[in-house]
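Accompanying notes for the structure given below.
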Amino acid sequence: MHAFTEKDIRASFVNTSLRERNAIVLPDLAEIGWENLDYLGWRDPKQPLAGFIVVPVDDLPVGILLRQTEHRVRSRAQCAWCEDVTLPNDVVFFSARRAGQAGRNGDTVGTLLCERFECSANVRRPMPPAYLGFDVEAARQRRIEALRAHAEGFGRDIRDSR
Ligand SMILES: [Zn+2]
C-alpha cells in the first residue's frame, strides 16, 4: 500500500464517534514500511481490547476501530485474512461496528485476525515448495493478492453499510 499521512489516517475512521476518533493514538508513521504492507494495523497498550486498522479501498484509506472479544479463540484458529496455516502468532476474534446508522443500531461484523496484525509479514514469509517445480514466488504473490482482497472487502463492508 502507499503511505498515508497522519491527517488522512485520522480522518479515515468510518465507525468511530468523534470522541473515539480523537482518542486514537497513531503509530510512528515514519517507522512504517508501507511497501510491505497490505493494510496498516496497530494496538494501543492503554486500550488493550481495541485494535486499529486502515485498509486501502480503491486506494483511499478506510480506518476501522476493532474490538477484541475477551475470550481467547482455540489455539489453532486460522486468520481469515492471511489464511496462514502455520501461523507464528496468535489469532483473535475482533468485531467492528458498521459505519453510520447501522453501527449506531448495534450492527457489527466479526472476523478472526492475527492478534497484532502480522498478516502482511505472514504472506511474505518464504514457504517450502509444495512439490517439485512449485512456483514459490507465484504462490507468494497469490497470497498477497488474497490478503489485499480480504482487507479491501472488509473495509467496503464496514464503510458502505446502511
Ligand atoms: Zn493474519
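The values are calculated or read from the model by the stated rules, or taken from the named source; none is laboratory data. Bear in mind the structure is a predicted one, so any value in this text is a computation, not a measurement. Backbone-built Cβ (ideal geometry, glycine too); neighbour counts: all protein chains shown. Just so you know, the surface numbers come from the protein's heavy atoms only, side chains and all, with ligands and any DNA or RNA stripped out. Shrake-Rupley method; radii C 1.70, N 1.55, O 1.52, S 1.80 Å.
Within region 139-162, restricting attention to residues that are open to solvent by 70 Å² or more (accessible area, probe 1.4 Å) and touching a residue at least 24 places away in the same chain (Cβ under 8 Å), the residue that is farthest from the ligand (Cβ to nearest atom) is Arg162. If you check Pro27, Pro88, Pro48 for being more than 16 Å from the ligand (Cβ to nearest atom) and modelled with pLDDT under 95, only one passes: Pro48. In region 1-37, of all residues being of a type in the set (D, E, K, R) and in contact with a strand residue (DSSP E or B) (Cβ under 8 Å, 6 or more places away or on another chain), the one that is farthest from Val55 (Cα to Cα) corresponds to Glu20.
Let's see how each residue does on (1) hydroxyl-bearing (Ser, Thr, Tyr); (2) in contact with a helix residue (DSSP H, G or I) (Cβ under 8 Å, 6 or more places away or on another chain); (3) more than 12 Å from Tyr39 (Cβ to Cβ):
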{"position": "Asp84", "(1), (2), (3)": "no, yes, yes"}
{"position": "Leu87", "(1), (2), (3)": "no, yes, yes"}
{"position": "Arg97", "(1), (2), (3)": "no, yes, yes"}
{"position": "Arg104", "(1), (2), (3)": "no, no, yes"}
{"position": "Gly110", "(1), (2), (3)": "no, no, yes"}
{"position": "Leu113", "(1), (2), (3)": "no, yes, no"}
{"position": "Met127", "(1), (2), (3)": "no, yes, yes"}
{"position": "Gly133", "(1), (2), (3)": "no, no, yes"}
{"position": "Asp160", "(1), (2), (3)": "no, no, yes"}
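Can you pull out every residue in region 98-138 that is in a helix (DSSP H, G or I) and either touching a Ser or Thr at 6+ places or on another chain (Cβ under 6 Å) or surrounded by 14 or more Cβ atoms within 10 Å (Cβ to Cβ) (or both)? Residues satisfying the conditions are Gly100, Ala102, Gly103, Cys119, Ser120, Ala121, Asn122, Val123, Arg124. When restricted to residues that are at pLDDT 95 or above and of a type in the set (Asp, Glu), region 123-162 contains 3.
Screening Arg72 against (1) surrounded by 17 or more Cβ atoms within 10 Å (Cβ to Cβ); (2) modelled with pLDDT under 90; (3) among the basic types (Lys, Arg) leaves a single unmet condition, (1). Does Gln78 satisfy being open to solvent by 30 Å² or more (accessible area, probe 1.4 Å) and modelled with pLDDT under 90? Yes: the conditions hold for Gln78. Looking only at region 3-14, decide whether some residue is closer than 23 Å to Arg125 by Cα, open to solvent by 20 Å² or more (accessible area, probe 1.4 Å) and in contact with a Phe, Trp or Tyr (Cβ under 7 Å, 6 or more places away or on another chain). For region 3-14, residues closer than 23 Å to Arg125 by Cα, open to solvent by 20 Å² or more (accessible area, probe 1.4 Å) and in contact with a Phe, Trp or Tyr (Cβ under 7 Å, 6 or more places away or on another chain): present.
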